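The next block holds one structure in the form of structure tokens; read it before the comments.
The values are calculated or read from the model by the stated rules, or taken from the named source; none is laboratory data. As the structure is a prediction and not an experimental result, all values here were calculated from the model. Because the Cβ atoms are built from the backbone with ideal geometry, glycine has one as well, and the counts that use them run over all protein chains shown.
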Amino acid sequence: MMIGLQRDLGIMFIITFCIAINPSSGKTCSDEINFKPVKHPSIFSELTSSEIGEVLRYIKKELNTTKSTNSGLSDTFAYVIEKKTTSKEDVLEHIDRNGPVPIREARVVLYSPLEIAEYTVGPLPNLKYHFRAENPRWNRRDLKFTDRTFLTPSDASAIDALVHKEGRKLKRLLQESFDEFHMEDDCRKRCISYNFLRPTVLEHSRIMWVYLGRKVDISLGSDRLYPLPLQMLLNMTSSHSTSWKVFQVWYNDQFFDSSDDLMRKYNNGTVTRVTIPLSNTDIFSSMKQRAKKNSKSSKKRGPDCFPQDGRRFAIEGNRVTYNNWEFEYSNRQSTGPQLFDIRFRKERIVYELSLQEALLSYSGNTPMSHQANVYLDGEVLLGNLISPMAPGVDCPKGSTYFNSTIYNYIFGTSVVIPNAFCIFEDIDGPPLKRHYEHTLDGSYTFYAGMPNNALVLRTMQTIDNYDYIYDFIFYQNGVLGTKVSASGYVVTEFTKDSTAKRGKYGFQIHENIFTTFHQHLFNFKVDLDIKGRSNRHETLAVKIRPTTHKVGKNIRDESYEQYIKTYLKTTENQANYRFKYSQPKFNIFYNNNAPKSKLKYNKAYYLDNQGASKFLFPDKWSKMGSVAWAKYQLAVTRYHDDEDTSSTIYNSFNQLDPVLNFDSYISDNENITDEDLVAWVTVGLQHLPTSATDVPVTTTAGNTLSFYLKPFHYFDEDPSMSSDDNVFITPGQNGEENVDENENNALENCSPPKDKIL
């Protein structure tokens, strides 16, 4: 997303204290839990602070790097330092067959004025070697200066200097147009701020639109919702920032060759001017509670009875156990949250479940919006943007929190993100199951039910204006859910009524403020190991056909019926789905050589994508290769160690010549019968913001996407039947009821307040 430079860059990435919702409670950052620390990181764990320190010392000596905080555009520094993905075969040899512990190595991305280079450094913790890493799946390996991100300290300083240099030329225009706001050093409370898109490479030029806005007092909310009709196009192609310049300026729907050209025409009266005063009483973008007016709200606290009898999960290092589930979690600097070795009843279901990429596609009326048709958040390192979570708000009261250690190129060292993950058990919506058996006389024979108690691993990202909430949910019936929810500020642009009506890009959300229609897409890697690594993928397609039924001797009922037809997918070309929503199907994964169920079915899991959103751009579009994964709501490929991710941190820049095209994973059309299979799942939504639900920020209600892995003949009966959470009630004598349940279910540890009798 767009990143603002006028605020402290470090705040984006790290907050060094726990967020306390109730500071007086004295208990916001720690809590009792069955937690056992480990002496050494596991084979799945992110790099430790000491390991990152060792890598930094090694590359300074062996590769002549400079600390990123001290580097200029002419220096070489580390942008990424993260754990290198370990070969799956080596991992399974160790955890399944008691083989040797695989070595831990670091993946290091170095930026220099001439190129971007990736290295493998190892073994950790005692480093002895490094070598240039080559990825055979990449389309090109000559990563140039123009492929680098735009938000390194040296790039940020150069952008800031250029924008302020040009802004000072526009002082008169800024003050007259925007209520005395300007970009001089003495602007005080009437400062012009700016944000920008990521750069793009077109015809070998690295260019980027910068858009200006007013920096408002916190009492008025966020300056994100105070855009101005003034934008600048920067040319940042050269590795020498002294050569950077403004290509074009856009003011009040008019284009100019430079800031000087704009001011010359402004001063001689040939520019159509605009005047936009600022109201100091308009708080529409503030997130502070409003006066109630016609709204009703109770000051009574909401329900927070949790947990009643202590936590039912335990953690050893980063490995979590909960009832029949166990898994390990981590945070990868470049891609974000990862789960590994997910097992139910000791059997591995998923080897890896991880976020891969987040895509945004905008339209709009301004040059900035035109450039924002498609861009990728992975460029700014999704794991770096994990946001600390506030106890009692971001996670329920009683949740347990864990930090994440990453390398942060803004600081040039390792940092700890506090409260990066929270783990809690909660009731996920309606009962997991229930039935009330009526009788004809109005009574009943039994009631049976079970609350949907499930374990949730939650983490959140703040990518400039947007906040994404990721939930990984472990249900007691063997279902594994993945949910993404969106909140945060929408992207806005200044508009006049005539401009807003010109194109159907969205709606006004306030006076002279327009927010645009856009699409969010998220891609996940799901490495399934159902009863082992030898899996098949088939679809059960729902079909319809005409039918005639005899009803009695002389009556015929002509109708249609649904039926299921099975298709075994044997190659990768057959197993990618751009859903035709009128043709539903069930996506099944199983091991054909594993023992069958009691009823002789294959023990399988069903992947149910309930968050599918079609990517509408045509295949012939010149930039499609950079976002090829977005075409598929599901794609199934054969596992390879070098097909580790669906995107790269470089794909956002030169989209005409992307570093990785996901279609290359499919185009070789490998056999996928009885092979190790990976499902690449894309969920998304089309977001059309309105003032009703998106001002001041987008609310999560109705903006949650999900996909599930569900047992499909995998068990001979519902595994939650063995849970002590089950309740069974039958009629007793004298109007009483016989309740068969876990005795703790009946304990009222959370006593309701006594209602006053009127």
**OP:** Count, please, the residues in the range 170-193 that happen to be of a type in the set (D, E, K, R) and within 38 Å of the chain's Cα centre (by Cα).
**Re:** 5
Subject >> Candidate set: the range 576-599, residues that are of a type in the set (D, E, K, R) and over 28 Å from the mean Cα position of the chain (by Cα); chosen: the one surrounded by the most Cβ atoms within 10 Å (Cβ to Cβ) >> reply: K596
Original post:
Quick one: is K84 within 21 Å of S45 (Cα to Cα) and either surrounded by 15 or more Cβ atoms within 10 Å (Cβ to Cβ) or of a type in the set (G, A, S) (or both)?
Top reply: yes
Subject >> Those residues of the range 419-431 which are more than 21 Å from G310 (Cα to Cα) and modelled with pLDDT of 95 or more, in sequence order >> reply: A420
**OP:** Please find, among D179, D142, D160, D186, the residue that is in contact (Cβ under 8 Å) with a residue 40 or more places away in the chain, over 22 Å from Q248 (Cα atoms) and surrounded by fewer than 20 Cβ atoms within 10 Å (Cβ to Cβ).
**Re:** D179
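Name every residue in the range 604-627 that is more than 14 Å from F522 (Cα to Cα), in a loop (DSSP other than H, G, I, E, B) and not small (G, A, S), in order of residue number.
L616, F617, P618, D619, K620, W621, K623
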Original post:
Counting only residues that are free of Cβ contacts under 8 Å to residues at least 40 places away in the same chain and surrounded by 14 or more Cβ atoms within 10 Å (Cβ to Cβ), which one in the range 432-484 is nearest to the chain's Cα centre (by Cα)?
Top reply: D471
**OP:** List the number of the failed condition for M232; all other conditions in (1) farther than 25 Å from Q371 by Cα; (2) at pLDDT 95 or above; (3) surrounded by 14 or more Cβ atoms within 10 Å (Cβ to Cβ) hold.
**Re:** (1)
Original post:
Counting just the residues of the range 47-76 that are part of a helix (DSSP H, G or I) and without any contact (Cβ under 8 Å) to a residue 60 or more places away in the chain, which one comes out farthest from the chain's Cα centre (by Cα)?
Top reply: K61
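Mind telling me which of the residues T65, T149, T76 ends up being closer than 19 Å to M236 by Cα, crowded, with 20+ Cβ neighbours inside 10 Å and among the hydroxyl-bearing types (S, T, Y)?
Working: T65 fails: closer than 19 Å to M236 by Cα; T76 fails: crowded, with 20+ Cβ neighbours inside 10 Å.
Every option except T149 fails the conditions.
Within the range 84-102, is there a residue that is in a strand (DSSP E or B) and in contact with a helix residue (DSSP H, G or I) (Cβ under 9 Å, 6 or more places away or on another chain)?
No: the range 84-102 contains no residue that is in a strand (DSSP E or B) and in contact with a helix residue (DSSP H, G or I) (Cβ under 9 Å, 6 or more places away or on another chain).
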Original post:
Out of R290, R311, R301, which single residue is modelled with pLDDT under 90, surrounded by 17 or more Cβ atoms within 10 Å (Cβ to Cβ) and in a loop (DSSP other than H, G, I, E, B)?
Top reply: R311
Subject >> Hits in the range 513-568 - residues which are surrounded by 13 or more Cβ atoms within 10 Å (Cβ to Cβ), outside any strand (DSSP E or B) and among the polar types (S, T, N, Q) >> reply: S534
Original post:
Taking the range 401-437 on its own, how many of its residues are touching a Lys or Arg at 6+ places or on another chain (Cβ under 8 Å), closer than 15 Å to I473 by Cα and not aliphatic (A, V, I, L, M)?
Top reply: 4
Original post:
Quick one: in the range 247-266, which of the residues that are modelled with pLDDT of 95 or more and part of a strand (DSSP E or B) is farthest from P367 (Cα to Cα)?
Top reply: F256
Original post:
Here is a list of conditions, (1) closer than 30 Å to V484 by Cβ; (2) surrounded by 15 or more Cβ atoms within 10 Å (Cβ to Cβ); (3) not acidic (D, E), and N573 meets all of them except one; can you say which number that is?
Top reply: (2)
**OP:** Could you give me the residue pairs with C-beta distances under 6 Å whose first residue belongs to the range 337-357 and is free of Cβ contacts under 8 Å to residues at least 24 places away in the same chain, whose second residue is surrounded by fewer than 21 Cβ atoms within 10 Å (Cβ to Cβ) and hydrophobic (A, V, I, L, M, F, W, C) wherever it lies, and which are 6+ apart or on separate chains?
**Re:** none
Original post:
What number of residues in the range 324-367 are in a loop (DSSP other than H, G, I, E, B) and modelled with pLDDT under 95?
Top reply: 4
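Could you check how many residues of the range 224-265 are of a type in the set (D, E) and without any contact (Cβ under 8 Å) to a residue 60 or more places away in the chain? Step through it out loud before you land on a result.
Our first condition is that a residue be of a type in the set (D, E); within the range 224-265, this holds for 253, 257, 260-261.
Pick out the ones that are also without any contact (Cβ under 8 Å) to a residue 60 or more places away in the chain and you get 257, 261.
Qualifying residue count for the region: 2.
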Original post:
Restricting the search to the range 587-608, which residues are under 21 Å from T570 (Cα atoms) and either polar (S, T, N, Q) or in contact with a Gly (Cβ under 9 Å, 6 or more places away or on another chain) (or both)?
Top reply: N587, N591, N592, N593, A594, N602, Y605
**OP:** For residues that are surrounded by 12 or more Cβ atoms within 10 Å (Cβ to Cβ) and without any contact (Cβ under 8 Å) to a residue 24 or more places away in the chain, tally how many sit in the range 725-736.
**Re:** 0
Original post:
Going by the conditions given, is Y489 surrounded by 17 or more Cβ atoms within 10 Å (Cβ to Cβ), within 16 Å of the chain's Cα centre (by Cα), more than 30 Å from E717 (Cβ to Cβ) and hydroxyl-bearing (S, T, Y)?
Top reply: yes
Subject >> Residue, farthest from E180 (Cα to Cα), within the range 203-214, restricted to residues that are under 28 Å from the mean Cα position of the chain (by Cα) and of a type outside the set (V, I, T) >> reply: R206
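Filter the strands (runs of 3 or more DSSP E) completely within the range 404-491 down to those with at least 2 residues that are in contact with a helix residue (DSSP H, G or I) (Cβ under 8 Å, 6 or more places away or on another chain) and under 25 Å from P153 (Cα atoms). Talk me through it step by step, then tell me what you get.
Numbers: elements: 413-427, 433-438, 444-450, 453-463, 466-474, 480-488.
Once the strands (runs of 3 or more DSSP E) in the range 404-491 are filtered for at least 2 residues that are in contact with a helix residue (DSSP H, G or I) (Cβ under 8 Å, 6 or more places away or on another chain) and under 25 Å from P153 (Cα atoms), what remains is 413-427, 453-463.
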Subject >> Count of residues meeting criterion [farther than 25 Å from F524 by Cα and of a type in the set (A, V, I, L, M)] in the range 683-712 >> reply: 3
Subject >> Filter result for the condition that a residue is out of contact with any Ser or Thr (no Cβ under 6 Å at 6 or more places or on another chain), in a strand (DSSP E or B), among the polar types (S, T, N, Q) and more than 21 Å from I463 (Cβ to Cβ), over T146, T120 >> reply: T120
Subject >> Tally, over the range 189-203, of residues that are without any contact (Cβ under 8 Å) to a residue 24 or more places away in the chain and polar (S, T, N, Q) >> reply: 0
